[in-house]
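**Q** This is the structure, below, for whatever I ask next.
The values are calculated or read from the model by the stated rules, or taken from the named source; none is laboratory data. Nothing here was measured: the structure is a model prediction, and the numbers come from that model. So basically every Cβ, Gly included, is an ideal-geometry build from the backbone, and we count neighbours across all protein chains shown. For accessibility, only protein heavy atoms count, side chains too; no ligands or nucleic acids. Shrake-Rupley method; radii C 1.70, N 1.55, O 1.52, S 1.80 Å.
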Amino acid sequence: TGADRERIGRFAQDSLAAGLPFDAFFDRSDASKVYCSEFTALALASGGVPPRSTAPMSANESVRVILGWLHITTPDIIPPSAVIEDATRVAMVSRRYLPAQIEAYFAVRAELHRRFTPDQKLGNVLRFSPTGGFRFQPAVEALLRSANAAAADWGGLSPDDIEQRVRALAAGQMGPFAPQPLAGRPEESARTRDP
């Protein structure tokens with residue numbers, strides 16, 4: 001609301017014409033390259049939209065190891081969710097999935113993020129595929145499949161109701177989840193839980 005759409009479009013066109021490259025290191029201090037949500041935030045800012053919020057990089061030790069391998073040292077990023085933090089949904093369109101299935105997919109993602117505490121290993125969620133890239137672990141894939149199948153019958157439910165049903169599915173398939181106090185390192189988490 002109130003954004004200058006012409007200026008946003010001009011920013012995008014000018015960036016394309018200039019060949020603005022992708023920033024694989026997610027470094028917002030280097031304006032010569034940008035990553036996807038940074039580009040969108042800059043385009044919106046050019047049209048008068050307030051700056052987007054940032055989020056710290058994961059404190060998870062397993063994720064930190066991967067970031068180190070990739071030489072990503074930035075302390076924070078603009079997450080994709082920040083780009084739409086004040087947006088209002090006007091449509092949800094898919095040729096393949098029902099709206100409830102799309103909501104269920106995002107609810108599964110939210111549940112996985114909730115369960116991915118600092119003491120978790122990235123390998124609990126992802127596995128390396130011999131054919132290239134990463135895939136979800138079988139338990140995560142099973143949760144995605146079952147939520148998608150169940151959501152086919154969830155038409156008319158609110159996003160909050162869908163989230164609660166996904167949490168129940170996750171508890172049934174992956175066990176109950178009780179968040180532990182957050183700490184910077186796994187051994188600190190253990191000390192906090194076991195006085």
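**Q** Rounded to the nearest whole Å³, what is the per residue volume of the convex hull around the Cα atoms of segment 20-71?
**A** That works out to 82 Å³ per residue.
**Q** Using helices alone, I'd like the mean residue ellipticity at 222 nm for the chain: each DSSP H run of four-plus residues gives -39500 (n - 2.57), total over residue count, nearest 500. Provide the component values of the computation, followed by the final result.
**A** On the way: 8 runs with 93 residues, N = 195.
It comes out at -14500 deg cm²/dmol, rounded to the nearest 500.
**Q** Where in segment 1-68 are there chymotrypsin sites (Phe, Trp or Tyr not before Pro) that are in a DSSP coil and have at most 16 other Cβ atoms within 10 angstrom of their Cβ?
**A** Taking segment 1-68 and a limit of 16 other Cβ atoms within 10 Å, the loop chymotrypsin sites (Phe, Trp or Tyr not before Pro) found are PHE25.
**Q** Okay, next question. Can you find, among GLY175, VAL90, GLY9, the residue sitting farthest towards the positive end of the charge dipole of the chain, where Lys and Arg contribute +1 and Asp and Glu -1 at Cβ?
**A** Positive-most Cα among the choices belongs to GLY175.
**Q** Same structure again: On a 1.4 Å probe surface of the protein chains, which of ARG28, ARG115 comes out largest in accessible area, and what is the full order?
**A** The residues order as ARG28, ARG115, largest area first.
**Q** If you line up the Cα atoms of the chain on their principal axes, what length do they span on each, largest first, in Å?
**A** Reported extents, whole Å, longest axis first: 51, 44, 39.
**Q** Only Cα pairs under 8 Å and at least 6 apart count here; give the relative contact order of segment 1-151 as a rounded whole percent.
**A** Reported relative contact order: 20 percent.
**Q** With a 1.4 Å probe and all protein chains kept in place, how do LEU67, LEU126, LEU143 rank by accessible area, largest first?
**A** From most exposed to least exposed: LEU126, LEU67, LEU143.
**Q** Heavy atoms only, probe 1.4 Å: what % of the accessible area of the chain goes to carbon and sulfur, would you let me know?
**A** Values: 7490 of 12960 Å².
Roughly 58 percent of what the probe reaches on the chain is carbon or sulfur.
**Q** What FRET efficiency, computed as 1/(1 + (r/R0)^6) with R0 = 41 Å and r the Cβ-Cβ distance, is obtained for ASP153 and ASP4, rounded to the nearest 0.05? It would help to have the intermediate numbers written out before the result.
**A** Details: r = 44 Å, r/R0 = 1.07.
Taking R0 as 41 Å, the efficiency between ASP153 and ASP4 is 0.40.
**Q** I'd like to know how segment 60-137 sits against the 2.2 N^0.38 Å rule of thumb: what's its Cα Rg over that expected value?
**A** Normalised by 2.2 N^0.38 Å, the Cα Rg of segment 60-137 equals 1.38.
**Q** Next question. For a quick check, take a GNM of the chain with Cα springs below 10 Å and name the residue from ARG165, ARG114, ARG96 with the largest mean-square fluctuation.
**A** ARG96
**Q** When the C-alpha atoms of segment 91-135 are aligned to their principal axes, what extent does each axis show, in angstrom, from largest down?
**A** 36, 29, 12
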